[in-house]
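K.L.:
For reference, the structure I am asking about is given below.
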Amino acid sequence: MNKKTSTVTKNTKTPTAIRKPKQATSRKISQTKDVKLTTARAPRINAKTAQKIASAVKNRRTIVDVCIGIFTKNENRPMYVKNIYSAMRQRHWRTSGKTPQQTISSKLNADYRFVRVSPNTFKMDDTFYSNRVKNIKS
């Protein structure tokens, strides 16, 4: 005769409210690395160097700024990203990125002053270009 027996398992874990927090033993504390908490100091810079850094940051030209100059010079003709990049290199613009053409494409796509004519081909917005040319000539 086989009797089916049902077993009821009790929850042996204690609720988290009742549990005591674990205390670190002296052995564990002694094995940990001693960490010195120090505040990092900025390198000391004299006033002349600080002015040079500030002017370099202020005069730094972004991708969009350089592209506006390129399109203004080329009379706002649509340009392929590869040609834009080569024109930027001729203007001594450098980047440390691995894919500068994709970066240029994404920046121009996100900016309201540029219009995407076809894939990877951009031109300046006509209203922005006409206002820019008026401001330059006057």
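K.L.:
To make sure I understand, if each residue's beta carbon is the centre and we count other beta carbons within 10 Å, what order do MET124, MET79 fall in, fewest to most?
P.N.:
Lowest count first: MET79, MET124.
K.L.:
Listed here are the pairs LYS107/LYS134; LYS82/LYS107; LYS73/LYS134; LYS52/LYS73; LYS73/LYS137; which of them are more than 20 Å apart at the Cα?
P.N.:
LYS107/LYS134; LYS52/LYS73
K.L.:
In percent, what relative contact order does region 61-137 have, based on Cα pairs under 8 Å that are 6 or more apart in sequence?
P.N.:
Relative CO of region 61-137 lands at 35 percent.
Here, each number is a calculation from the coordinates, and none is a lab measurement. All of these numbers come straight from a predicted model, not from anything done at the bench. Here Cβ is always computed from backbone atoms with ideal geometry, including for glycine, and neighbour counts include all displayed protein chains.
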